[in-house]
Amino acid sequence: MPQPRSAEGVQRRVVSFARTDGRALRRRDHASEQAGRAFMLEPPRGETSTSIAPGSRLDPVAAFGRIAPLVVEIGSGVGESLIHAAQSHPEMDFLGVEVYRPGNARTLAALLREGLTNVRMVRGDGVDVLEHWVEPGTLSQVWTFFPDPWPKSKHHKRRLVDDSFALVVGRSLRPGGAWRLATDWAPYALRMRDVIRACPVLDNPHGGRCDRDDPEAGFAPRFEGRPVTKFERKGTDAGRTVRDLTAHRRSE
Ligand SMILES: C[S@@+](CC[C@H](N)C(=O)[O-])C[C@H]1O[C@@H](n2cnc3c(N)ncnc32)[C@H](O)[C@@H]1O
C-alpha cells in the first residue's frame, strides 16, 4: 500500500496526527513561542519537520542543568498535565512532546507565567522522540493521556498506541519505570489493555486476573497526578467513562 506524504512531500509511515500547522500562529501564541524559546529543545530533524534524525541523543543534563527523574508526556496538548505535575514535583523534570505548534506555545506561556524551570518542550512526533532521541532504559515515566481516538475503523492504523509504540515506550523506560495512559474511548481502552498484555517488556500491575472477556479487568485507579483536562471534560460531558492504565517496564 502506498505510504502517505507529509506536508514536505516526503513519503513516510502512517502518523497519529493530522494537523499540519500550515496557518500562521495567532499573535499571542507567536509572542509566547518567542518568549519561551529557551524552554524549547531542538533535536536534529530527519526528513520531515516533526521527525528526529536517527542516531541523535537527548542530553538531559544539558537540557535541564541537573540530574533528576525524567517524565516524558507524548501529546501534551496545551500543557495542563505537565504544568500541574511540574508544580507538584519540583524534584522531577518533565519533557512535553507535542506536534501542534499552538499547543507548545500555550504550554510555554503557562510555564513562563508560573515561573517553572523543570519543563522543556519539543515539537515532534513522540514515536521518533522515544525511538531515536531518548537514551534507552532511562525514563522514569511516559504519559499518554487522551491520545486521539481515531474512531473510524479505517483510521485505526493512525492510533498512537499499538504494539510497536508499546515496545518503543517500554524500551525507553528504566526497569520498574511506568507508562501511564488514560482515555475516554472504550474500544481504545480495551485495545490499550491488550497492547500492554502482548508487550514482552511490560507488565500490567492491575492485570492479575486480566480476563480478555471482562471489560472492567486490567485498568488502574485514576492516576492522582492527572488533572482534569479539556479532553477529559469533553468525554465525561458526553457520558463516556474515563479509564486509566499503567504498565511497568520489566526488570528482566
Ligand atoms: C486529544 S489531544 C490530548 C492532549 C492532552 N494529552 C490532554 O489530555 O489534554 C491529543 C494530542 O496529541 C497530539 N499528538 C498526536 N499524535 C502525536 C505524536 N505522534 N507525537 C506528539 N504529539 C501527538 C495531538 O496534536 C494532540 O494535541
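The values are calculated or read from the model by the stated rules, or taken from the named source; none is laboratory data. As the structure is a prediction and not an experimental result, all values here were calculated from the model. All Cβ positions, even for glycine, are placed from backbone atoms using ideal geometry, and neighbour counts span all protein chains on display. Only protein heavy atoms, including side chains, enter the accessible area calculation; ligands, DNA and RNA are left aside. Shrake-Rupley method; radii C 1.70, N 1.55, O 1.52, S 1.80 Å.
Here are the numbers for this structure:
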{"read-out": "All positions within the range 82-98 that are under 17 Å from residue 36 (Cβ atoms), part of a helix (DSSP H, G or I) and within 13 Å of the ligand (Cβ to nearest atom)", "value": "82, 83"}
{"read-out": "Leading residue by the ranking (farthest from the chain's Cα centre (by Cα)) among those in the range 89-119 that are open to solvent by 20 Å² or more (accessible area, probe 1.4 Å) and among the small types (Gly, Ala, Ser)", "value": "115"}
{"read-out": "In the range 64-81, the residues that are in contact with a Leu (Cβ under 8 Å, 6 or more places away or on another chain), under 22 Å from residue 183 (Cα atoms), not in a loop (DSSP other than H, G, I, E, B) and not acidic (Asp, Glu)", "value": "71, 72, 74"}
{"read-out": "Subset tally (residues that are more than 18 Å from residue 60 (Cβ to Cβ) and open to solvent by less than 60 Å² (accessible area, probe 1.4 Å)) for the range 138-154", "value": "6"}
{"read-out": "Filter result for the condition that a residue is within 22 Å of residue 84 (Cβ to Cβ) and either touching a residue at least 12 places away in the same chain (Cβ under 8 Å) or surrounded by 19 or more Cβ atoms within 10 Å (Cβ to Cβ) (or both), over 191, 243, 233", "value": "243"}
{"read-out": "Test: residue in the range 99-115 that is in a loop (DSSP other than H, G, I, E, B), over 23 Å from residue 161 (Cα atoms) and in contact with a strand residue (DSSP E or B) (Cβ under 6 Å, 6 or more places away or on another chain)", "value": "no"}
{"read-out": "Residue count for the range 55-70, restricted to those that are among the small types (Gly, Ala, Ser), farther than 14 Å from residue 122 by Cβ and touching a strand residue (DSSP E or B) at 6+ places or on another chain (Cβ under 9 Å)", "value": "1"}
{"read-out": "Those residues of the range 23-52 which are in a loop (DSSP other than H, G, I, E, B) and open to solvent by 20 Å² or more (accessible area, probe 1.4 Å), in sequence order", "value": "23, 24, 25, 26, 41, 42, 44, 45, 46, 47, 49"}
{"read-out": "Residue that is nearest to the ligand (Cβ to nearest atom) [pool: residues in the range 115-155 that are of a type in the set (Gly, Ala, Ser) and within 25 Å of residue 228 (Cα to Cα)]", "value": "126"}
{"read-out": "Only one of 176, 218, 225 that is on the phi > 0 side of the Ramachandran plot and modelled with pLDDT of 95 or more", "value": "176"}
